[in-house]
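Asker: Pasting in a structure now, in C-alpha cells, and then I'll have a few things to ask.
The values are calculated or read from the model by the stated rules, or taken from the named source; none is laboratory data. Just so it is clear, the structure is predicted and the values come from calculations on it, not from any experiment. No Cβ is skipped: glycine too gets one built from the backbone with ideal geometry, and neighbour counts run over all protein chains shown.
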Amino acid sequence: MIIRGFVSIEEAEKKGSLWALEGEIKSLDMKWVLDRDLGAIARKERYYVPGLVVGVDTGRKGVSLSHLEHLTPPPEGQGGAPNPDNGDPLDFDELIVYGEIEKLNSLWHEARSHKCGVFVMAKCKNKHCGTRVISRVPCKREWCPYCGKEQSYFHLIYYYNILRYALPMFIKNGGKMGYLVITTTPELRQKFLEDPKAMQKFREDIKEKLKELGYKNGIWRWHFAGDEGRTWYPHLNVLIPEGYMPDEKFNGFKQWIEKKYGVKVVNYEWTEDLGKVKHWVRYIARPTWNLQNDAEPEKFKGMRKYGVWGSSKYFKLTEADLTQEEIFFIALLVVVDQLELRIALKELERGVVERDLTKVLYLLQKGHCVKCGGEVKWEFAGFTEWGVLQGLRTGEFHRIGWNTWIYVPKEGVPQDDEEEEFLRELEEG
C-alpha cells in the first residue's frame, strides 16, 4: 500500500534525517529497523513515515516536523490560506495539501506522544487482506506525565467533551455565554487538600446557588493550580447561559459566597463571539494537576474533575435552534464527509491503493479497512507493546502518528530464509 507523502526509512536515511524519531525507532543494521513503541522489527524498505516528519521533500510542501506546530488552519471565509513559505494565497489543490499538513500537525504534535494506556487493534474481516490498524489509547489520568500535558490527547478529549455541551448552550442563549472564575482562599485550599469531599460540597453549593439565580444549566471544571509557583491553587471555572450579568445579581452572588465560604475573588466576563467560547473551553479543559506538587493523586481518585447540570434535552440541538445558514452549513459538512468516504471507497473498488493521509483517516474513522475497504473489528490488543502483532513482523508498516500504525501483511510467500534466520537470532540473543 502507498500513502502519498510517506517515505520508507531506507529512503529517509539517504535523503533526510531520523532525528525527529530518535528514541522511537532504532536502526539495527543496513536492512532492519526496530520500532520501540510497537515492539516490532521491520525491513527498512517496508517501514514508512511521513516525509515531512523526517525532512524528505515529497512535493507536499516540504516543511519539517519542527514547523508543523506553528501552522494554523486556513482562515474561514478568506478564500484561501496563507502559504507557509511565502504568504501568498493557496489554490484549491494546495489547500488540500495544507489540510494534510494540519492532519500531520495533530498526529505528530510532540504532546501527543504517550507511553501510557493500552493497545487496541482494528482487524480487517476480509481474510484475504489481513490489514491491521494498531493504536495506543492514553490512560486519561490528569496526573499522568503524558496525559497531564497541554495539547495531549487527554486535553483534546476534555476539550471536545466540554465543547459539545458549550455550543448548544451558546446557541440556545442567543449567541451569548458567561464565564465565572471562583478563586478559593488559603484556608479553603488547605481544607480541600485534607478533605476532597469538602471540595465536592463547595462545587455543589455553587451550582445550587447559580440555579437559584436562574441558571438552570451550566458547565463546571476544576483547575488545581495556576501557571506560577507549582503550588496547590484550586479554582472553579463555570460556564453559564448569560450575557451581561446585572450588577444586582452578580453582587448578590459575591456577597453570598463571601459570607458562606470567605471567598472574595470572583471574576466574570461574557462574550458573543463563538471563537472566544472555543478559546475558553480549550483553556478550562487543559490539565493542571501536574502544575502543583502539594496534592497526592491517590486521595483524589474518583473525584469528578468536570461536569454539567441541567436537562439533557437542553444540550441537544434541533433544527428549531439553528438558523437556515447554520442548518445548511452542517448539512454541507455531512455531504462533504460522505463524499470523501465514497471517493476513497471508489478508489479501492478500482484497485487504486495509492491515496493521501486524509482519505486513510476517513476510511479508518468510518470503520473501513484502509487497504481493501472492508469492514474492520476493533479489539483489545494488550497492555504493553511486546506481542501486540503476535509475530506478524514481515509486512509493511505505516506509522501515521506517534501512537498509530497500519500493518499490511507481506503478500505472497512467507519471509525468506535470510529473514527467518535474522529474526531467530534476534529472539535468541
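Asker: Which of the strands (runs of 3 or more DSSP E) contained wholly in the range 8-60 include at least 1 residues that are over 16 Å from residue 395 (Cβ atoms) and among the basic types (Lys, Arg)?
Answerer: Counting at least 1 such residues, we get 25-27.
Asker: Out of all the residues in the range 296-307, which are part of a loop (DSSP other than H, G, I, E, B) and under 11 Å from residue 224 (Cβ atoms)?
Answerer: Once the filter is applied, which keeps residues that are part of a loop (DSSP other than H, G, I, E, B) and under 11 Å from residue 224 (Cβ atoms), the range 296-307 yields 303, 305.
Asker: If you don't mind, another one. Identify, by number, the condition in (1) over 16 Å from the mean Cα position of the chain (by Cα); (2) hydroxyl-bearing (Ser, Thr, Tyr); (3) at pLDDT 75 or above that residue 98 doesn't meet.
Answerer: Every condition holds for residue 98 apart from (3).
Asker: Looking at the range 179-212 only, could you name the residues that are aliphatic (A, V, I, L, M) and either loosely packed, with under 14 Cβ neighbours inside 10 Å or closer than 14 Å to residue 256 by Cα (or both)?
Answerer: Keep residues of the range 179-212 that are aliphatic (A, V, I, L, M), which gives 180-182, 188, 193, 198-199, 206, 210.
Once the filter is applied, which keeps residues that are aliphatic (A, V, I, L, M) and either loosely packed, with under 14 Cβ neighbours inside 10 Å or closer than 14 Å to residue 256 by Cα (or both), the range 179-212 yields 182, 198, 206, 210.
Asker: If you don't mind, another one. Does residue 293 fit the bill of being exposed (fewer than 13 other Cβ atoms within 10 Å of the Cβ) and in a strand (DSSP E or B)?
Answerer: Working: exposed (fewer than 13 other Cβ atoms within 10 Å of the Cβ): yes; in a strand (DSSP E or B): no.
Answer is no for this residue.
Asker: Further question: Just to be sure before I move on: is residue 230 surrounded by fewer than 16 Cβ atoms within 10 Å (Cβ to Cβ) and closer than 29 Å to residue 150 by Cβ in the structure I sent?
Answerer: Working: surrounded by fewer than 16 Cβ atoms within 10 Å (Cβ to Cβ): yes; closer than 29 Å to residue 150 by Cβ: yes.
When the stated conditions are applied, residue 230 passes them.
Asker: Considering only the range 338-367, state which residues are among the small types (Gly, Ala, Ser) and modelled with pLDDT of 75 or more. Break it down stepwise before answering.
Answerer: Just the residues of the range 338-367 that are among the small types (Gly, Ala, Ser), to begin with: 344, 351, 367.
Answer for the range 338-367, where residues must be among the small types (Gly, Ala, Ser) and modelled with pLDDT of 75 or more: just 367.
Asker: Is the range 195-206 home to any residue that is of a type in the set (A, V, I, L, M, F, W, C) and under 18 Å from residue 165 (Cβ atoms)?
Answerer: In the first step, residues of the range 195-206 are kept if they are of a type in the set (A, V, I, L, M, F, W, C); the result is 198-199, 202, 206.
Applying the additional criterion that residues be under 18 Å from residue 165 (Cβ atoms) yields 206.
So far as the range 195-206 goes, yes, one or more of its residues are of a type in the set (A, V, I, L, M, F, W, C) and under 18 Å from residue 165 (Cβ atoms).
Asker: Here's something else I'd like to know. Can residue 304 be described as buried (at least 18 other Cβ atoms within 10 Å of the Cβ), of a type in the set (D, E, K, R) and in the same structural domain as residue 173 (by TED's automatic domain parsing)? Step through it out loud before you land on a result.
Answerer: Details: buried (at least 18 other Cβ atoms within 10 Å of the Cβ): no; of a type in the set (D, E, K, R): yes; in the same structural domain as residue 173 (by TED's automatic domain parsing): yes.
No; evaluated as a whole, the condition is false for this residue.
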